[in-house]
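Chemist: Handing you a structure now.
The values are calculated or read from the model by the stated rules, or taken from the named source; none is laboratory data. In this text, all values refer to a predicted model and were calculated from it rather than measured experimentally. Virtual Cβ from ideal backbone geometry, glycine too; neighbours counted across all protein chains shown.
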Amino acid sequence: MEIENQIQQHIAQNLLFSEDGFQYDREASFLQEGIIDSMGVMELIAFVGSAFHIQIEPADIIPDNFDSVNKLAAFIRRRQGAAATQPSLAVAPSITPRPMAQP
């Protein structure tokens, strides 16, 4: 399912409690249109992290990323692309503790 459709479906079912689907344009501002409130933003953050397997940092929670279906979908795609291009981290060698010297 397309990212935009997943976002619209989640908002309609879990935030608007609508059986009629998401009745807004994909560019409609969530906050200005009253689609979601601050608690809805928190729910949306949890959904995005879980559904799309991405880590969301506090600095990411800005209107440019979270204020419309299209903005949120673009943010998700950027994060997924960045995660795919990140080099894998090497596993740190194990450290064996040494006993402390006795006085």
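Chemist: Say whether the condition of being aliphatic (A, V, I, L, M), outside any helix (DSSP H, G or I) and either loosely packed, with under 12 Cβ neighbours inside 10 Å or modelled with pLDDT of 95 or more (or both) is met by at least one residue in the range 81-90.
Modeler: Yes, that holds for at least one residue.
Chemist: Can we say ILE76 is surrounded by 13 or more Cβ atoms within 10 Å (Cβ to Cβ), part of a helix (DSSP H, G or I) and in contact (Cβ under 8 Å) with a residue 60 or more places away in the chain?
Modeler: yes
Chemist: Could you please give the count of residues in the range 33-55 that are outside any loop (DSSP other than H, G, I, E, B) and closer than 24 Å to ARG78 by Cα? Please lay out each step first, then the result.
Modeler: So in the range 33-55, the residues outside any loop (DSSP other than H, G, I, E, B) come out as 38-52.
Those left that are additionally closer than 24 Å to ARG78 by Cα: 38, 40-52.
Residues flagged as outside any loop (DSSP other than H, G, I, E, B) and closer than 24 Å to ARG78 by Cα within the range 33-55 amount to 14.
Chemist: I'd like to verify a number: residues in the range 32-65 that are at negative phi and more than 17 Å from the chain's Cα centre (by Cα), how many?
Modeler: Filtering the range 32-65 for residues at negative phi gives 32-33, 35-52, 54-65.
Imposing the further condition that a residue be more than 17 Å from the chain's Cα centre (by Cα) reduces the set to 32-33, 35.
Adding up the residues that qualify gives 3.
Chemist: Which of the residues that make up the range 1-48 are polar (S, T, N, Q) and without any contact (Cβ under 8 Å) to a residue 60 or more places away in the chain?
Modeler: Hits for the range 1-48 are ASN5, GLN6, GLN9, GLN13, ASN14, SER18, GLN23, SER29, GLN32, SER38.
Chemist: Being surrounded by 12 or more Cβ atoms within 10 Å (Cβ to Cβ), of a type in the set (D, E, K, R) and in a helix (DSSP H, G or I) is the filter here; which residues of the range 59-72 pass it?
Modeler: Scanning the range 59-72 gives ASP60, LYS71.
Chemist: Just give me the residues in the range 49-58 being crowded, with 16+ Cβ neighbours inside 10 Å and free of Cβ contacts under 8 Å to residues at least 40 places away in the same chain, in sequence order.
Modeler: Residues satisfying the conditions are ILE54, ILE56.
Chemist: May I pose another question? Checking PHE30 against (1) assigned to a loop (DSSP other than H, G, I, E, B); (2) surrounded by 15 or more Cβ atoms within 10 Å (Cβ to Cβ); (3) modelled with pLDDT under 95; (4) not hydroxyl-bearing (Ser, Thr, Tyr), which test does it fail?
Modeler: PHE30 satisfies every listed condition except (3).
Chemist: Here are ASP37, ASP25, ASP20: which of them is of a type outside the set (A, V, I, L, M) and surrounded by fewer than 11 Cβ atoms within 10 Å (Cβ to Cβ)?
Modeler: Of ASP37, ASP25, ASP20, the one residue that is of a type outside the set (A, V, I, L, M) and surrounded by fewer than 11 Cβ atoms within 10 Å (Cβ to Cβ) is ASP20.
Chemist: Using the structure shown, decide if ASP20 is part of a loop (DSSP other than H, G, I, E, B) and at pLDDT below 95.
Modeler: On the way: part of a loop (DSSP other than H, G, I, E, B): yes; at pLDDT below 95: yes.
It is true that ASP20 is part of a loop (DSSP other than H, G, I, E, B) and at pLDDT below 95.
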